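Q: Here it is, the structure in full.
The values are calculated or read from the model by the stated rules, or taken from the named source; none is laboratory data. Since this is a predicted model, take the numbers as computed values, not measurements. Note: ideal-geometry Cβ built from the backbone for every residue, glycine included; neighbour counts use all protein chains shown.
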């Protein structure tokens, strides 16, 4: 599947150097959001409304801290974000 | 100048916290800190956001953050503001994040005192309409009919306190209500408050999936619908004048809004006893 742009670098903006210790929350999740870059128009609503700040403005998803609440998929007017079963990624 | 999503600080100041999935309060704190930037000093009383933000040795706040006694949010903010001013530091904003119980019930006298002194602080109340941190007990801001663990049968028999009117009566410099469903409005109000010298109060509606009884992905939807149906109003108080920022667009759908939430469900036994005719 050809992708418009696939950001593959891990989000750097969510972790500060010499900052703080937080343990990942990724294990809380049973579904994970996946962005379809062919449909995405970069409106930034998912980034804005994520309660955990796990989606960077460049739309990198930090799966270590995403809790799978699904707000991003609901906010996406284009339907570019789908919630997929975590078991398929195990 | 209005700030949009693109102009927000790209760094996260409230990250890796242990709030439940779909938490409205954490979104309110996250966005507020993004607007205020790294020179904000957060002050949090006992409540959800301090419980999920400070898990020793972890700290989810990147800027300075303090936990205060439950009743003393505004007093501690006063002290921090005075202390920093005394040391000659002036490019900071002391911001408090208290829940509805920590604002309307327990911390009310401290807030009233801070408004009376005219301290330069920004007080943000994230209103999830019950004591969610300790397991959903009724607070002064629980709406009529909402079930909590302390009002399990008929729901709350009291109406919500009008906190904005209370702080306005105390003579606050700027007060506003917001909803996490309309973040542009919320961002604008925080930005405006940060530019005012004096006591500022922002009351933001932050739905709680666990306490209100809805799915985790509906948080923002419900917060938006609350404004649309008129269950929550976006208001501003400044210079003795009230301003309504948004008219309810579909007040006829109030019933739909309430039916979406488990906390407004009427017990079968209560229906039978009272010959309740509705669904």
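Q: Considering B:169, B:194, which residue is out of contact with any strand residue (DSSP E or B) (no Cβ under 9 Å at 6 or more places or on another chain) and surrounded by fewer than 24 Cβ atoms within 10 Å (Cβ to Cβ)?
A: On the way: B:194 fails: out of contact with any strand residue (DSSP E or B) (no Cβ under 9 Å at 6 or more places or on another chain).
Every option except B:169 fails the conditions.
Q: Now a separate question. Take segment A:41-53 and flag every residue that is at the interface with chain B (Cβ under 9 Å from one of its Cβ atoms) and out of contact with any strand residue (DSSP E or B) (no Cβ under 6 Å at 6 or more places or on another chain).
A: Narrowing segment A:41-53 to residues at the interface with chain B (Cβ under 9 Å from one of its Cβ atoms): A:43-45, A:47-53.
The answer is A:43, A:44, A:45, A:48, A:49, A:50, A:51, A:52, A:53.
Q: Can you give me the number of residues within segment A:49-63 that are closer than 12 Å to residue B:30 by Cα and either crowded, with 24+ Cβ neighbours inside 10 Å or touching a residue at least 60 places away in the same chain (Cβ under 8 Å) (or both)? Even if it seems obvious, please write down each step before you answer.
A: Initially, segment A:49-63 is screened for residues closer than 12 Å to residue B:30 by Cα, giving A:49-54.
Pick out the ones that are also either crowded, with 24+ Cβ neighbours inside 10 Å or touching a residue at least 60 places away in the same chain (Cβ under 8 Å) (or both) and you get A:50-54.
Final tally of qualifying residues: 5.
Q: Residues of segment A:9-39 being at pLDDT 85 or above and crowded, with 17+ Cβ neighbours inside 10 Å, which ones?
A: A:29, A:31, A:32, A:33, A:35, listed by residue number.
The rows are residues; the columns are (1) outside any loop (DSSP other than H, G, I, E, B); (2) out of contact with any helix residue (DSSP H, G or I) (no Cβ under 9 Å at 6 or more places or on another chain).
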{"site": "B:145", "(1), (2)": "no, no"}
{"site": "B:171", "(1), (2)": "no, no"}
{"site": "B:175", "(1), (2)": "yes, no"}
{"site": "B:191", "(1), (2)": "yes, no"}
{"site": "B:196", "(1), (2)": "no, yes"}
{"site": "B:202", "(1), (2)": "yes, no"}
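Q: Still on this structure, I have one more. Going by what's in this entry, would residue B:238 be described as out of contact with any helix residue (DSSP H, G or I) (no Cβ under 8 Å at 6 or more places or on another chain) and either within 14 Å of chain A (Cβ to nearest Cβ) or surrounded by fewer than 21 Cβ atoms within 10 Å (Cβ to Cβ) (or both)? It would help to see each step written out before you state the result.
A: Numbers: out of contact with any helix residue (DSSP H, G or I) (no Cβ under 8 Å at 6 or more places or on another chain): yes; either within 14 Å of chain A (Cβ to nearest Cβ) or surrounded by fewer than 21 Cβ atoms within 10 Å (Cβ to Cβ) (or both): yes.
It is true that residue B:238 is out of contact with any helix residue (DSSP H, G or I) (no Cβ under 8 Å at 6 or more places or on another chain) and either within 14 Å of chain A (Cβ to nearest Cβ) or surrounded by fewer than 21 Cβ atoms within 10 Å (Cβ to Cβ) (or both).
Q: Okay, next question. Say we look at segment B:16-29 and pick out the residues that are closer than 11 Å to residue B:53 by Cα and surrounded by 24 or more Cβ atoms within 10 Å (Cβ to Cβ); which of these is farthest from the other protein chains (Cβ to nearest Cβ)?
A: Step one: filter segment B:16-29 for residues closer than 11 Å to residue B:53 by Cα, giving B:16-19, B:26, B:29.
Within this subset, residues satisfying the condition of being surrounded by 24 or more Cβ atoms within 10 Å (Cβ to Cβ) are B:16-17, B:19, B:26, B:29.
Numbers: B:16: 3, B:17: 7, B:19: 7, B:26: 5, B:29: 9 Å.
Out of the qualifying residues, it is B:29.
Q: Continuing with the same structure: Of everything in segment B:30-50, what is part of a loop (DSSP other than H, G, I, E, B) and buried (at least 24 other Cβ atoms within 10 Å of the Cβ)? Give them in sequence order.
A: Of segment B:30-50, the ones part of a loop (DSSP other than H, G, I, E, B) are B:37-39, B:45-47.
Listed by number, the residues that qualify are B:45, B:47.
Q: Another question, then. Might you check whether a residue that is closer than 19 Å to residue B:203 by Cα and touching a strand residue (DSSP E or B) at 6+ places or on another chain (Cβ under 6 Å) occurs anywhere in segment B:145-162?
A: We begin by selecting, within segment B:145-162, every residue closer than 19 Å to residue B:203 by Cα; these are B:159-162.
Now restrict to residues that are touching a strand residue (DSSP E or B) at 6+ places or on another chain (Cβ under 6 Å): none.
The answer is no; no qualifying residue exists.
Q: May I pose another question? Can you confirm whether segment B:205-217 contains a residue that is part of a loop (DSSP other than H, G, I, E, B), modelled with pLDDT of 95 or more, in contact with a strand residue (DSSP E or B) (Cβ under 8 Å, 6 or more places away or on another chain) and within 14 Å of another protein chain (Cβ to nearest Cβ)?
A: For segment B:205-217, residues part of a loop (DSSP other than H, G, I, E, B), modelled with pLDDT of 95 or more, in contact with a strand residue (DSSP E or B) (Cβ under 8 Å, 6 or more places away or on another chain) and within 14 Å of another protein chain (Cβ to nearest Cβ): present.
Q: Output yes when any residue across segment B:60-74 is more than 14 Å from chain A (Cβ to nearest Cβ), more than 25 Å from residue A:29 (Cβ to Cβ) and part of a loop (DSSP other than H, G, I, E, B), and no when none is. Let's see the steps before the verdict.
A: Keep residues of segment B:60-74 that are more than 14 Å from chain A (Cβ to nearest Cβ), which gives B:66-74.
Checking the rest, the ones that are also more than 25 Å from residue A:29 (Cβ to Cβ) come to B:66-74.
Going one step further and asking which of them are part of a loop (DSSP other than H, G, I, E, B), we end up with B:68-69.
Checked segment B:60-74: at least one residue is more than 14 Å from chain A (Cβ to nearest Cβ), more than 25 Å from residue A:29 (Cβ to Cβ) and part of a loop (DSSP other than H, G, I, E, B).
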